[in-house]
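> What follows is a single structure, and I will ask about it in a moment.
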């Protein structure tokens with residue numbers, strides 16, 4: 001089992017990476033895709049952006065980018 005960073009030491013991206021791995025989801029950058037200067041990632045089949053400066057995750061839901069909690073991003077990715 002990999003050693004995951006504790007929440008106090010980890011960035012939101014590191015935590016999402018660990019949560020995705022635990023849920024059996026891929027979490028990789030979508031090459032060449034940026035929104036507002038932020039890299040778009042594939043969380044399973046769900047597109048997400050991570051704003052490390054503001055500790056925020058946004059997911060492309062329906063036809064727009066919406067802020068989501070990490071648990072909701074994992075749930076949305078599983079349901080896709």
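> Among (1) surrounded by fewer than 17 Cβ atoms within 10 Å (Cβ to Cβ); (2) closer than 18 Å to residue 76 by Cα; (3) out of contact with any helix residue (DSSP H, G or I) (no Cβ under 6 Å at 6 or more places or on another chain), which single condition is residue 23 missing?
(3)
> Quick one: residue 63 ticks every box in (1) surrounded by fewer than 12 Cβ atoms within 10 Å (Cβ to Cβ); (2) within 9 Å of the chain's Cα centre (by Cα) bar one, so which box is it?
Result: residue 63 passes all but (2).
Every read-out reported here was derived from the displayed coordinates using simple, explicitly stated rules and does not represent laboratory data. This is a predicted model, so every value here is computed, not measured. Virtual Cβ from ideal backbone geometry, glycine too; neighbours counted across all protein chains shown.
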